[in-house]
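**Q** Take a look at this one; I'll ask things after.
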Amino acid sequence: MELLKQKILDCGRALNDHVLLVDSFLNHQVDVKLMREVGREFARLFADADIDRVVTIESSGITPAAMTALEMDLPMVIMKKSVSSILNEGILQTDVFSFTKNAPYLLTLKSEFIHPGDRVLLIDDFLANGEACFGAARLLRQAGAQLAGIGIVIAKAFQPGLKKLRSAGYRVEVLAPVSRMDEGHIEFGDVK
Ligand code: 5GP
């Protein structure tokens, strides 16, 4: 998606060769017009996938997922990263290792919001090692749903997640695949 790639070049910052900062338009301040285009692009890419529900992981996946759900006219569900005292009935949980916090967290889903047999589209902001996506896939499997597609806004294609998810048989569409980066330098390119 050229608009997104240009935004990353203009406003993103590679901190080093493995962390990309995009907090001026995706992770902290949000460019909602750009996210609307992101939603339109995911809706176009997954138009043939017969999706019942869009799922994301809080917090930075929420805007692109909401725009996608709006565009596809589908319900959206948020998987939670923090345990809450009001979220204790009918929940499914799995341990996920966080790339940014370098520590595990409990990914949590209230099972009533996913129906057995649902074909689910998972949308997330970043893909690195694939821990978050594999965790979400485990919860969806526990709920009896099928992970029919994964839409990623930015994937660092040189890190293992993208290859691992595709090798596991998942359909992964990436709007901005980064093939290489280092301080002050970002290159795009997918892996097959
Ligand atoms: P994974 O689970 O694939 O290892 O990492 C994906 C999650 O870590 C994403 O949901 C995102 O929150 C975070 N993440 C991974 N890499 C980056 C990065 O380079 N920049 C930012 N801002 N977040 C990242």
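The values are calculated or read from the model by the stated rules, or taken from the named source; none is laboratory data. It should be emphasised that the depicted structure is a prediction, and the values quoted were computed from it without experimental measurement. FYI the Cβ positions are ideal-geometry reconstructions off the backbone, even for glycines, and counts take in every protein chain you see. These area figures cover heavy atoms from the full protein model, side chains too; ligands, DNA and RNA do not enter into them. Shrake-Rupley method; radii C 1.70, N 1.55, O 1.52, S 1.80 Å.
**Q** As an exercise: evaluate residue 109 against (1) under 24 Å from residue 86 (Cβ atoms); (2) surrounded by 15 or more Cβ atoms within 10 Å (Cβ to Cβ); (3) in contact (Cβ under 8 Å) with a residue 60 or more places away in the chain and give the number of the one condition it does not meet.
**A** Evaluating residue 109 over (1) under 24 Å from residue 86 (Cβ atoms); (2) surrounded by 15 or more Cβ atoms within 10 Å (Cβ to Cβ); (3) in contact (Cβ under 8 Å) with a residue 60 or more places away in the chain leaves (3) as the failure.
**Q** Go through 89, 41 for me and flag whichever is outside any loop (DSSP other than H, G, I, E, B) and more than 11 Å from the ligand (Cβ to nearest atom).
**A** Working: 89 fails: outside any loop (DSSP other than H, G, I, E, B).
Being outside any loop (DSSP other than H, G, I, E, B) and more than 11 Å from the ligand (Cβ to nearest atom) holds for just one of 89, 41, which is 41.
**Q** A further question follows. Of all the residues that make up the range 10-38, how many are touching a residue at least 12 places away in the same chain (Cβ under 8 Å), open to solvent by 20 Å² or more (accessible area, probe 1.4 Å) and more than 15 Å from the ligand (Cβ to nearest atom)?
**A** 3
**Q** Would you tally the residues in the range 62-102 being surrounded by 17 or more Cβ atoms within 10 Å (Cβ to Cβ), in contact with a strand residue (DSSP E or B) (Cβ under 8 Å, 6 or more places away or on another chain) and of a type in the set (Asp, Glu)?
**A** Going through the range 62-102 one residue at a time, the tally reaches 0.
**Q** So, one more: Checking residue 132 against (1) within 16 Å of the ligand (Cβ to nearest atom); (2) open to solvent by 20 Å² or more (accessible area, probe 1.4 Å); (3) farther than 24 Å from residue 34 by Cα, only one condition comes out false. Which one?
**A** (3)
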